[in-house]
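Nothing in this text is a laboratory measurement; each read-out follows from the coordinates by a stated rule. All values reported here derive from a predicted model rather than from experimental measurement. Virtual Cβ from ideal backbone geometry, glycine too; neighbours counted across all protein chains shown.
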Amino acid sequence: MVVGDVTTGTDVLVIGAGPAGYVAAIRAGQLDLDITLVERDAYGGTCLNYGCIPSKALITATDIAHEAATAEEMGIHADPAIDLAGMMDWKDGVVDQLTGGVEKLCKANQVNLLEGTAHFVDENTVRVSHSGDGQGSESLEFEHAVIATGSRPIEIPNFEYGGEPVLDSKQALALESVPDSLVVVGAGYIGMELASVFAKLGTDVTVLEMLDSILPGYDADLKRPVKQRANDLGIDFEFGYTASEWHDRDGADGIRVVAEPAEQAAADGGSAETVEDERLELDAEKVLVAVGRQPVSDTLDLAEAGIETNDRGFIDTDSHARTNVDHIFAAGDVAGEPMLAHKGSAEGKVAAEVIAGEPAALDHQAMPAAVFTDPEIGTVGMTESEADEAGFEPVTGQFPFRASGRALTTGDADGFVKIVADDEDGYVLGASIVGPEASELIAELALAIELGATLEDVASTVHTHPTLSEAVMEAAENALGHAIHTLNR
């Protein structure tokens, strides 16, 4: 059907159906608002379709294969055969189940779903262009809007996406065959997660990073077990280099990735004019570029609505998720760091509730983060140095997983739980975990911060034995000076 110049109206317009957008739409529907959700690609956004969910599915699958193949110490001798097509089918089934569920939940909460690409005409109107020949476009007037258009991978010069052999994370998660060799550009969380996946599939992996270590922004003691595990998997690292170009190999299969010293690249403004013997050349079948993500804000004609962005393209918001235009809100990656799906969902809920007149506001002090590397990392709240800079007198407690009976029974006892509290009153200020199930364990400490719990509260809460969560209790006890299963500070 050709929609033409039809104009319709809605109380609340949400642009983007990722974890921020669909959550905002469902919450608005629960609050009896007339809500329209516009999505141009797939319900669930990047997270459900091309990021969080498919990557974690492949991480789980490759972990199972790797653990089975390396369990000789447990008396298990196996040589798993990996059917990549079957693995991808299973992964796609998980994705389809979740995205289908999002669509059903939206409809059940009276959300009007509209497929197309929205851009602002003015501060109360968007134009929605429908895909497909002859589908046309329509105008949509709104009283309030929530922008939740997410983010996309950053491109670097000479490594434009669009087809193999240069891959972004979305393409890497949909490969039909396992590459013999892979260069990963970027040692952030996406690069490190996928490097481990492919190493466990049998790929020779080299990670190229312009800085001097993996996972920028994380403390060295958290990164150390991850780097060691990566070394054990056979992953090679080249630090201090920037990828400058790639080309086909003369008379041989695959490509050659050329890199130059990061300092030289910065001095040259990113050019490849470097002394030949300072260059690094890496041969591989494919190259995965994972140097970060940028907001999708340049397709919306935001200026037509008077919406301002910062110099990185993010839309600044206040504690109510409002932009500089009072009745227009932003949530999720497009609203800035940290670019986390659960942070976007929290912002989406707040936006919907504020629109409905509810007393809602954002509070990021207990916002957890997780990296699904091997082993996992989980963090929340302040580090010890951040607590000190904020004027607290921090006290810390730590418990190693090598002292955890449950961790030892899993065969995975690398890492630790560290808790940070105020020495004066005992309030928990932050925590960091590296080790098995860190992404799950960090939730207890996020709740502790949210509720204003003290070290004594955490330490005196009886934890089931034998479980990994006992390490959280023991870390709190260690900070108090009476841990049982580790030496006290």
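Would you calculate a helix-derived [θ] at 222 nm for the chain, using -39,500 (n - 2.57) for each DSSP H run of n ≥ 4 and dividing by the full residue count, to the nearest 500?
-9500 deg cm²/dmol
At 25 °C and a viscosity of 0.890 mPa s, what translational diffusion coefficient does Stokes-Einstein give for segment 106-241, taking Rh as the Kirkwood radius over Cα pairs? Give it in µm²/s as a whole number.
Rounded to a whole number, D works out at 132 µm²/s.
Take the cross-link list Lys104/Lys170; Lys56/Lys349; Lys200/Lys286; Lys91/Lys349; Lys170/Lys286; Lys56/Lys343 and give me the ones stretching past 23 Å between alpha-carbons. Please report the intermediate quantities before stating the final value.
Numbers: Lys104/Lys170 25 Å; Lys56/Lys349 25 Å; Lys200/Lys286 16 Å; Lys91/Lys349 28 Å; Lys170/Lys286 14 Å; Lys56/Lys343 18 Å.
Violating the 23 Å Cα-Cα cut-off are Lys104/Lys170; Lys56/Lys349; Lys91/Lys349.
Could you line up Glu456, Glu308 from fewest to most neighbouring Cβ atoms inside 10 Å?
Taking fewest neighbouring Cβ atoms as first place, the list is Glu308, Glu456.
Just to be sure I understand the model, the point goes 7 Å from the Cα along the line to the Cβ. What's the resulting Ala252 to Ala68 distance in nm?
The answer from the label model is 3.4 nm.
Charges at C-beta only: +1 for Lys and Arg, -1 for Asp and Glu. How large is the resulting dipole of the chain about its Cα centre, in Debye rounded to 20?
1140
Largest first and in whole Å, what are the equivalent-ellipsoid semi-axes of segment 1-134 based on the Cα gyration tensor, each being the root of 5 times an eigenvalue?
42, 16, 11
Order of Ser469, Ser244 from fewest to most other C-beta atoms within 10 Å?
The most exposed by this proxy come first: Ser469, Ser244.
I'd like the isolated cysteines in the chain, meaning no second cysteine's beta-carbon lies under 4.7 angstrom from theirs.
Cys106
For the chain, what are Rg and Dmax over the alpha carbons, in angstrom?
24.3, 73
Determine, for Lys107, Lys223, the number of other Cβ atoms within 10 Å of each Cβ, and report the residues in order from fewest to most.
Numbers: Lys107 12, Lys223 21.
In increasing order of surrounding Cβ atoms, one gets Lys107, Lys223.
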